[in-house]
Amino acid sequence: LSALGIRLDAGRDLRRDDTRGDQQGVVVSRALAEALWPGAAAVGQRLRLHRPGQPASELEVVGVASDSRQSSLAGAIAPHVFLPLGQWSGRPTLVVHATSSIAEPLHRLLRERHADVALIDLQPLVEQRRRSLMDSRMSAELAAGLAALSLLLAAVGLFGLLSYGVARRSR
C-alpha cells in the first residue's frame, strides 16, 4: 500500500503470514468497511469472499485503507479488497517503489529467477496514469479542435457578411 501511496487508516498492512492457516488476512477500503460494518470498527471483522471456480474463503480484516481509484481515474470510487499474493488466483501486480528507473534490471532479475512467468506491462506508475487519462485527453483535444474549427467558420462567415455589406454600399 505504501508503494502506491495509499494511506492505512486503521490496523496494519498485509504481511507474508497473512496467507497461511485459518487466519488469512485482508485489507479493505474505507468505502467497503463503511458499507459492510457501518459505525463499527472493521479491523477484526470476518469477511467471506466468493471467487468463481473456488470455494468461498473466510478472511479476517487486518487493516482499513483509505479510498483509492484502482482502474480508472474517472467516475466514483468503488469499494475494494487488497489480498496477499498467495490468496489471489488472478494476474498479480507487483509494485516497486524506486527513486530511479529500474525497469530493465527488474525485468532481467525476474526473467532469471522465474523464466516461466509472463511479464506484462512493466512500466512506471506515471505511465499508468497517463494511459488511464488518454481517452479523456483525446476527447478534450477533439472538442478543442472542433471548437477552433467552429470559431474559424464563424470568423469567415462574419468577414463574408461584412464584406458583402460594404460592397453593397460602395459604388
Fill in the blank from the handout: Ignoring ligands and nucleic acids, Thr99 exposes an accessible area, probe 1.4 Å, in Å² to the nearest 10, of 140
Handout entry: Largest-first ordering by accessible area, 1.4 Å probe, given options Glu34, Glu127, Glu58
Key = Glu34, Glu58, Glu127
Handout entry: Cα gyration tensor category, rounded, prolate or oblate, for the stretch 113-171 with a/c compared to 1.5
Key = prolate
Fill in the blank from the handout: Helix-only [θ] at 222 nm, the chain, -39500 (n - 2.57) per DSSP H run of 4+, per residue, nearest 500, equals -12000 deg cm²/dmol
Problem - Mean separation of Cα contacts under 8 Å, 6 or more apart, over the residue count of the chain: relative contact order % - result: 22
Completion exercise
Matching label for the computed volume of the Cα convex hull per residue in Å³, out of [x] 124; [y] 234; [z] 192, is [y]
Problem - Cα centroid separation - the stretch 35-59 against the stretch 105-137, whole Å - result: 30
Completion exercise
Checking rank on 152-158, 9-15, with mean other Cβ inside 10 Å and highest first, the result is 9-15, 152-158
Handout entry: the chain: antiparallel DSSP beta bridges as a percent of all, rounded to 5
Key = 65
Problem - Order of exposure, largest accessible area first, which applies to His97, His107 with probe 1.4 Å - result: His97, His107
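The values are calculated or read from the model by the stated rules, or taken from the named source; none is laboratory data. Just so it is clear, the structure is predicted and the values come from calculations on it, not from any experiment. Cβ sites come from the backbone with ideal geometry, for glycine too, and all protein chains shown count toward neighbours. These accessible areas exclude ligands, DNA and RNA; they are computed on the full protein's heavy atoms, side chains included. Shrake-Rupley method; radii C 1.70, N 1.55, O 1.52, S 1.80 Å.
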